[in-house]
């Protein structure tokens, strides 16, 4: 019994710095990337899968970060669906409101546009949820195999988001 108590206490004490570190990391809400095929020369059934893969890579990279705390993507998706129930897409003001509602200091959103089978564009932004200021606005021309290049572009964006948040600090969230 005593050995179990010591092991338990050791585990609790060892986990305390991790919990404090996790709470100190600024929260970021990430809206699923949107597909835009308006200017594509040909739309194909797998086009939206490319965007889902890019979103997955963006989320995975930020989830693995030691510098930010990713808000649960399911909670973000539910909030976005509720906000878009009127038929209007979630714009920057909507994204900021969702981030604040979920306790995030930052919000990231973007679009993957297809122009042809070999050229796609990833446009993404990082917004300060409190002020509405666009802290980072990136655009990447993705040439080649979209299934490989779109997630790679999303990964680069995630790295830039992490760096921008480190440079701008955590700061409190204004409700």
* **Per-peptide average of other Cβ atoms within 10 Å, ordering 70-81, 143-154, 35-46 highest first** => 143-154, 70-81, 35-46
* Order by protection proxy (mean Cβ within 10 Å, highest first), peptides 83-96, 106-119 -> 106-119, 83-96
* **Taking N as its residue count, the alpha carbon Rg of segment 26-168 over 2.2 N^0.38 Å** => 1.00
* Percent antiparallel among DSSP beta bridges (both partners in segment 26-168, rounded to 5) -> 70 percent
* By count of other Cβ within 10 Å, fewest leading, how are 133, 105 ordered? -> 133, 105
* Asked: For segment 35-175, what is the relative contact order in percent, using Cα pairs closer than 8 Å and at least 6 residues apart in sequence?
  -> 29 percent
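Any read-out appearing in this document is the output of simple, stated calculations on the displayed coordinates, not a laboratory observation. Remember, predicted model here, so these are calculated numbers, not experimental data. Virtual Cβ from ideal backbone geometry, glycine too; neighbours counted across all protein chains shown.
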